[in-house]
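Accompanying notes for the structure given below.
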Amino acid sequence: EKGGYPTFMEKEIHDQPHAVADTLLGRTDDAGRLVLDEVRISEEQLRAVERITIVACGTAAYAGMVAKYAIEHWTRIPVEVSLAHEFRYCDPIVDGTTLVVSISQSGETMDTLMAVKHAAELGAMTLSICNTHGSTIPRESDAVLYTHAGPEIAVASTKAFLAQITASYVLGLYLAQLRGETYADDAKSVMAELQGIPDKIDELLGRMDRVVEMASFMADTRSVLFLGRNVGYPVAMEGALKLKELAYIHAEGFAAGELKHGPIALIDAGQPVFIVVPSPEAPHELHKKVVSNIQEIRARGARTIVIAHDGDDDVEPFANEVIRIPNCSPMLAPLLAVVPLQVFALHLSTAKGLDVDQPRNLAKSVTVE
Ligand code: M6R
């Protein structure tokens, strides 16, 4: 059942091309327009949405952060991401024009369920992005958009994360199409590019030898930092969470721009830092800004492990290690950039002799508040 892999997590990492492809399956008609049959909120109601609040926990909340960038970019609808356990107790501003989108692999996370119930009580429309058919959260929601990642057994979420991000893109493009407000990219061309992502993940998985090797000699590492910007920021957070969960190593994810506002004080000789570099095509010179962050921390002795797109030579002078990912549009990059971080955490856990699939103190689905 592990498909020949030593752990469920490793199998699930290798399932990711399918998780993305299957989540995209059947979402467009012959003319290339998005059709979301499962979304049983009327088109009229969806056109009236004035704000979106995403509620989720853990990895699903990081998928929600990626979703915020994408949905706001494509629809101009304001999107807020709220940790589900905070949402209910912060007197949220939610009414009949709010779409509350929950993201949950299991569909049973109590914190997320309670947030959805609270949103419904306040009169919001609720939509669930969920991986488990017939689970509680979709049943309690007005609409559901299933991710088709297949069962995820390992406690650490991997393929569900990629499927959640994919479903969020589909939702954002669908809302943009529905409202006739494709403010940015053309929905059809984004969908076409998304269809090509599974092959790129596959290719990337074939390039992981050096990442595995790095993990094997970093078993004694006490702390690892992760930096990213824009959609790379949630990827950095997710890389840190994977390392905490799986290898019990202190890890922190930061927005790269925040570095000079404090965290740079943590940098001393030999401190390993992963940096998720935006595509050179990213707007607002973000690429240049992140490259200069790498330069700054390298000058202070950090060991810089850079995740950069193929052909991005600007990072070379400041990188101790460069992990290459295939080229894609800046918005879709999380689907690739997170993969080496998952592989790194998996192999560091293995190098420490830990239980990859069942980390200590954790349950696959957290059914208590
Ligand atoms: O089933 P859910 O997606 O609602 O679970 C949410 C979190 O508990 C989950 O993502 C958790 O953070 C994972 N262990 C992360 O690997």
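What follows is calculated from the coordinates using simple rules that are stated; it is not laboratory data. The model shown is predicted, which means the values in this text are computed figures rather than measured ones. We place every Cβ from the backbone using ideal geometry, glycine too, and count neighbours over all the protein chains shown.
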Handout entry: Shape of the range 125-190, Cα gyration tensor, a/c cut at 1.5
Key = oblate
Fill in the blank from the handout: The relative contact order of the range 1-159, taking Cα pairs under 8 Å that sit 6 or more residues apart, comes to a percentage of 27
Handout entry: Value of D in µm² per second that Stokes-Einstein yields for the range 253-369, Kirkwood Rh from Cα pairs, at 37 °C (0.692 mPa s)
Key = 207
Handout entry: Cα-only radius of gyration and Dmax that characterise the chain, units Å
Key = 19.7, 58
Practice task
With a cut-off of at most 16 other beta carbons within 10 Å, and DSSP calling the residue loop, which chymotrypsin sites (Phe, Trp or Tyr not before Pro) in the range 129-194 qualify? Please list them.
Solution key: Y183
Handout entry: Scattering curve values for the range 70-221, log₁₀ I(q)/I(0), Debye with Cα scatterers, q = 0.12 Å⁻¹
Key = -0.63
Practice task
Could you list the residues of the range 67-93 with an amide nitrogen less than 18 Å from a label point located 7 Å from the Cα of E121 in the Cα-to-C-beta direction?
Solution key: 83-93
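Translational diffusion coefficient, Stokes-Einstein: compute it for the range 1-149 using the Kirkwood radius over C-alpha pairs as Rh, at 10 °C and 1.306 mPa s, and state it as an integer in µm² s⁻¹.
Translational diffusion coefficient: 99 µm²/s.
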Handout entry: Debye-sum result for the range 203-259 in log10 I(q)/I(0), which assumes one identical scatterer on each alpha carbon, at q = 0.12, 0.20, 0.26 Å⁻¹
Key = -0.32, -0.82, -1.05
Exercise for the section: Within the range 212-247, list the trypsin sites (Lys or Arg not before Pro) lying in a DSSP loop whose Cβ has at most 12 other Cβ atoms in a 10 Å radius. Expected result: R222
Practice task
Output the Kirkwood hydrodynamic radius of the range 1-81, Cα pairs only, in Å rounded to one decimal.
Solution key: 15.6
